[in-house]
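The next block holds one structure in the form of structure tokens; read it before the comments.
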Amino acid sequence: MNAREDNVREAGGLGQDTGKCTRGNGRLPAGEATRIPALPHLPYGDAVHAGLAASGMAPDVMEAGVRTEQPGDGGELFLTVSWLTGHPDVDDPGGLDLLWSDLTGWSARAGGDVRVLALDDLAAPDVVADAALHLAADGLDGAWMPPDGPHRWEHAPAVEAALADWDDREAIR
């Protein structure tokens, strides 16, 4: 096993089987959904999705990927978590998006407005869910304070190491 696999296993993303399976259950525990992810932030995305679903705020759409502006750049890893127009739990008629990037951290978008969120770059999924619940009810202008307790995801160090390994690998391509 190489260092990258060690980091992914530590982050909870390396199991016995390859790929994703949602047979019989649309919600997989973080860590059981992905084995050796092609993108190092997938275990974090799985955990955020599970946290949102557990809070009753399962998104309509969740995307993960890498954006590149020019061939050869390492790209920007991203997550987009969306509650679409007309979602019953979102007060804004335009819907709500939570946006995560390995370069910029968390932000929220409703309609044409965007707000940087005061969240750790690898915030605990329950903290992300708390922010989503607040934003859905009060919009981008409402004051929000994170709940008491740890604000950083417990597996953040392993994901950070996997992200650094990704950056190193992409730099030599």
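The values are calculated or read from the model by the stated rules, or taken from the named source; none is laboratory data. For clarity, every value in this text was computed on a predicted model and none was experimentally measured. Positions of Cβ are generated from backbone atoms using ideal geometry, with glycine treated the same way; all protein chains shown enter the neighbour counts. For accessibility, only protein heavy atoms count, side chains too; no ligands or nucleic acids. Shrake-Rupley method; radii C 1.70, N 1.55, O 1.52, S 1.80 Å.
Among strands (runs of 3 or more DSSP E) entirely within the stretch 69-150, having at least 1 residues that are at positive phi and touching a residue at least 12 places away in the same chain (Cβ under 8 Å) singles out 105-110.
Among the residues that make up the stretch 51-73, is at least one of them more than 25 Å from GLU154 (Cβ to Cβ), open to solvent by less than 40 Å² (accessible area, probe 1.4 Å), of a type outside the set (Gly, Ala, Ser) and modelled with pLDDT of 85 or more? No, because not a single residue in the stretch 51-73 is more than 25 Å from GLU154 (Cβ to Cβ), open to solvent by less than 40 Å² (accessible area, probe 1.4 Å), of a type outside the set (Gly, Ala, Ser) and modelled with pLDDT of 85 or more. Being in contact with a helix residue (DSSP H, G or I) (Cβ under 6 Å, 6 or more places away or on another chain) and more than 21 Å from LEU77 (Cβ to Cβ) narrows it down to one residue among PRO88, PRO147, PRO125, PRO93; which is it? Criteria check complete, one pass: PRO147. When you check SER82 against the structure, is it over 12 Å from the mean Cα position of the chain (by Cα) and open to solvent by less than 70 Å² (accessible area, probe 1.4 Å), yes or no? Answer is no for this residue. From the residues in the stretch 137-163 that are over 17 Å from the mean Cα position of the chain (by Cα) and at pLDDT 90 or above, which one is surrounded by the fewest Cβ atoms within 10 Å (Cβ to Cβ)? That would be ALA137. Taken over the stretch 91-123, residues that are loosely packed, with under 15 Cβ neighbours inside 10 Å and closer than 16 Å to TYR44 by Cβ amount to 2. The single condition among (1) under 13 Å from TYR44 (Cβ atoms); (2) touching a Lys or Arg at 6+ places or on another chain (Cβ under 8 Å); (3) part of a strand (DSSP E or B); (4) of a type in the set (A, V, I, L, M) that ALA162 does not satisfy is (3).
Against the condition at pLDDT below 90 and open to solvent by 50 Å² or more (accessible area, probe 1.4 Å), how does ASP126 come out, does it pass?
Judged against the criteria, ASP126 is not a match.
Among the criteria (1) surrounded by fewer than 18 Cβ atoms within 10 Å (Cβ to Cβ); (2) at pLDDT 95 or above; (3) in a helix (DSSP H, G or I), the one ASP168 does not fulfil is (2).
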